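Please read the structure below before turning to the comments.
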Amino acid sequence: MADETLTLTLDNGDGNGGDVVIKLRPDLAPGHVARITELAKEGFYDGVVFHRVIPGFMAQGGDPTGTGMGGSDKADLKAEFNAEPHVRGVCSMARTQVPDSANSQFFIVFDDATFLDRQYTVWGQVQSGMEFVDALPKGEPPRQPGKIVKATVA
């Protein structure tokens, strides 16, 4: 699993987009990487939108309802907070105010967000395709949100 990648094929809402390749980091968050991998292999993320995209901060997705309130039917995850800094291209799990509430939602950081360090679980790093994340429609929620067409693990 250490060399596996997650590829998110994105559509930015107008038919454009491309592949975002994310290096999975089971060395930092084995439980979260296992969950992301499991959900991707089940097709859970296919067709799911980025419901919260804040310029200069992050793009959040992984909620099948598109509202920011949903998740998978699997149990919430125990936090695996780590020292990896939240900088451009880092992938981390979204959660409620409860530390052990991450489930399926995640975010990709646009810029330095180190104020999140050790409070959210970092599980990956974008290796290529960050320009497609940058091009996602902005908003909370975006009027016409970008989406994950397909998520694959290799």
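Taken together, the values in this text are just the output of simple stated rules run on the coordinates, not laboratory data. Keep in mind it's a predicted model, so treat the numbers as computed, not measured. Neighbour counts run over all protein chains shown; Cβ positions are idealised from the backbone, glycine included.
The stretch 86-139 and the stretch 1-68 have Cα centres separated by 10 Å. In terms of surrounding Cβ atoms within a 10 Å radius of their Cβ, E38, E80 rank from fewest to most as E38, E80. By the count of neighbouring beta-carbon atoms within 10 Å, fewest first, F115, F44 end up ordered F115, F44. Computed per residue of the chain from DSSP H runs no shorter than four, each worth -39500 (n - 2.57), the mean residue ellipticity at 222 nm is -3500 deg cm²/dmol.
Using the Cα coordinates of the stretch 6-76, the gyration tensor eigenvalues translate into equivalent-ellipsoid semi-axes of 20, 16, 13 Å, sorted from longest to shortest. Remark on G70: its backbone amide H falls under 5 Å from those of T65, a criterion applied only to residues 5 or more positions apart or on other chains, H modelled at 1.01 Å from N. Taking a straight line from the alpha carbon of K74, these lysines sit under 18 Å away, with near neighbours fewer than eight places off in the same chain left out: K41. The residues K74, K23, when put in order of fewest to most other Cβ atoms within 10 Å, stand as K74, K23. According to the calculation over all Cα-Cα pairs in the stretch 105-154, the P(r) per 5 Å bin from zero is 4, 13, 24, 26, 21, 11, 1 %.
Counting only aspartates and glutamates at least 8 places from K147 when in the same chain, those with an alpha carbon closer than 16 Å to its own are D11, D14, D19, D46, D63, E131, D134.
For the stretch 77-91, the residues whose amide N sits under 12 Å from a probe point set 7 Å from the Cα of D111 along the beta carbon direction are 88. Shape analysis of the chain based on the Cα gyration tensor places the equivalent ellipsoid semi-axes at 20, 16, 16 Å, largest first. Contact order, relative form, for the chain: 36 percent (alpha carbon pairs under 8 Å, 6 or more residues apart, mean separation divided by residue count).
Working from label points 7 Å from Cα in the Cα-to-Cβ sense, the E42 to K74 distance is 0.6 nm.
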